[in-house]
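Here is the structure we will look at, set down as structure tokens.
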Amino acid sequence: MNYQELQEAKQTFRIHSLEKDYKNVYKVREDFVRRFSPQKINAMTIEEYVIGKQSKTSFCYLIERTLESLGRITGQPSSKFGIWYSPNVQRYKYDPKFGKDYKDAFLGVKNAICALISSGEKHNYDEIIANPLNALIKGKILSVYFPEEYLNIFSERHLDYYLRSLNLDTKELMKSNVLYKRDALLELKNNDKDMKKWSINMFAVFLWSHYPKAPLKSDEVAVAPDEEDIKFPTLESFSFIDLQLANEKPIPPTKPHSGQPSPDYEKEARKYKKLGDRGEYVVYQAEISRLMTELSITETKAKKLVKWVSRESDSYGYDIQSVNKDKTPRYIEVKATRGKAGSMNFYYTENEYETAKKYGENYYIYVVYEILTAHPKIWMIKNPFIKGKGINMRPVKYKVELSTLTE
């Protein structure tokens, strides 16, 4: 997946009709929160809480089944609720971490739920992580009580898949708690000119049902056998390397090989766009790291100085805007390759070339090598078009204008 595909998927997402479909569900959620306020949770009976007694109005049944369209938490046994009723043995069962008997455990579960709601309201992640409730239950409760603050995707497998698909998978993030993974997805949403207007639930529905859907099961096929599917490992590290441009040498004209099929230009374009998006992601992370070191600033401050402008528009003529050590602007065009460090070729648009001439010494090309690995290498080239050393350029594309006869 790449950013262009994300933009295209947004255009076909029927958000307005879906919001209408969810109106009744939102009302049920509001009724649930009123019925089970922290004060009422403290006073509720065990029958009002547990699943297993065929009640369709209990806390556990409502949050798991009735509110299922606001995020699924099925797939784990009833023990995830801390205490439950077993019809087979006709008695209550409980997780001993909540108490020494079922009555004591029920009190422990109620206290944990009330504490979670309080921690969620304060956004105290340390308290939320330390809360003894099951991770799925914690995620569902937070999203039900605070629907515009917590993302209602609870499977860590799905979260990891979305992070990789959307180029958000830093090594640190992928090892972090699900709370921070959800926040990373919400940050993407809130920084997007279209998605920031969506409710969090609509964003979750978009990911579940539209883009990029869900991680494949072991017996599923991602693409047709004749189409290459590019998969990137989690980005673990990156490093800057120093190469020297060679003296200019003429490039012999290219001759087509007889009998060789014509390339699939559309397929090639999709492939290079995925590689390019990943390269921009690597450079974005690398620039934040560089500024933290060179300017001795925090990650938060560094992020404010680095802008991934190609995600806003293709018209800039560069991909990343950053700053130099002296705080002057730095305009970065990113090119990515699977190959190891060394010579490479890439396409350059007229707009990119004019941008390079416009910004002079403040313009850079970052070449990202070994882009399909977890440890890509970055070569920073200060505007090579100023001197033209080691560069050969030749036209390979034409702008075609079609004129038609008018009546």
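The values are calculated or read from the model by the stated rules, or taken from the named source; none is laboratory data. As the structure is a prediction and not an experimental result, all values here were calculated from the model. When we count neighbours, we look across all protein chains shown, and the Cβ atoms used for this are built from the backbone with ideal geometry, even at glycine.
Observations on the model:
- Residues within the range 4-43 that are closer than 30 Å to GLY108 by Cα and out of contact with any Phe, Trp or Tyr (no Cβ under 7 Å at 6 or more places or on another chain), tallied: 17
- Selection within the range 347-371 - loosely packed, with under 14 Cβ neighbours inside 10 Å and under 28 Å from ARG164 (Cα atoms): TYR347
- Among the residues of the range 154-182, those that are out of contact with any Asp or Glu (no Cβ under 6 Å at 6 or more places or on another chain) and either of a type in the set (D, E, K, R) or assigned by TED's automatic domain parsing to the domain that holds SER69 (or both) comprise GLU156, ARG157, ASP160, ARG164, ASP169, GLU172, LYS175, LYS181, ARG182.
- You will find that of ARG330, ARG278, ARG290, ARG270, the residue that is over 23 Å from ASP242 (Cβ atoms) and either touching a Leu at 6+ places or on another chain (Cβ under 9 Å) or not β-branched (Val, Ile, Thr) (or both) is ARG270 and no other.
- The condition of being within 30 Å of LYS231 (Cβ to Cβ), crowded, with 21+ Cβ neighbours inside 10 Å and of a type outside the set (A, V, I, L, M, F, W, C) does not hold for LYS340.
- Only one of the listed residues (ASP95, ASP101) is farther than 21 Å from GLU121 by Cα, without any contact (Cβ under 8 Å) to a residue 40 or more places away in the chain, crowded, with 18+ Cβ neighbours inside 10 Å and of a type in the set (D, E, K, R). That residue is ASP95.
- Any hit, the range 148-158, residues being surrounded by fewer than 20 Cβ atoms within 10 Å (Cβ to Cβ), farther than 30 Å from LYS231 by Cβ and in contact with a helix residue (DSSP H, G or I) (Cβ under 7 Å, 6 or more places away or on another chain): yes
- Criterion: on the phi > 0 side of the Ramachandran plot, out of contact with any Leu (no Cβ under 6 Å at 6 or more places or on another chain) and of a type outside the set (A, V, I, L, M) - qualifying residue of ASN190, ASN167, ASN134, ASN177: ASN167
- Check on ILE141, over 28 Å from the mean Cα position of the chain (by Cα), in contact (Cβ under 8 Å) with a residue 60 or more places away in the chain and closer than 21 Å to GLU30 by Cβ: no
- Criterion applied to SER17, SER37, SER55, SER69 was being touching a residue at least 12 places away in the same chain (Cβ under 8 Å) and polar (S, T, N, Q), and the one residue passing it is SER69.
- Selection from the range 254-282 of residues that are modelled with pLDDT of 85 or more and of a type outside the set (D, E, K, R): LEU275, GLY276, GLY279, TYR281, VAL282
- Among (1) surrounded by fewer than 17 Cβ atoms within 10 Å (Cβ to Cβ); (2) touching a residue at least 12 places away in the same chain (Cβ under 8 Å); (3) under 30 Å from GLU8 (Cα atoms); (4) of a type outside the set (Asp, Glu), the one test that LYS382 misses: (3)
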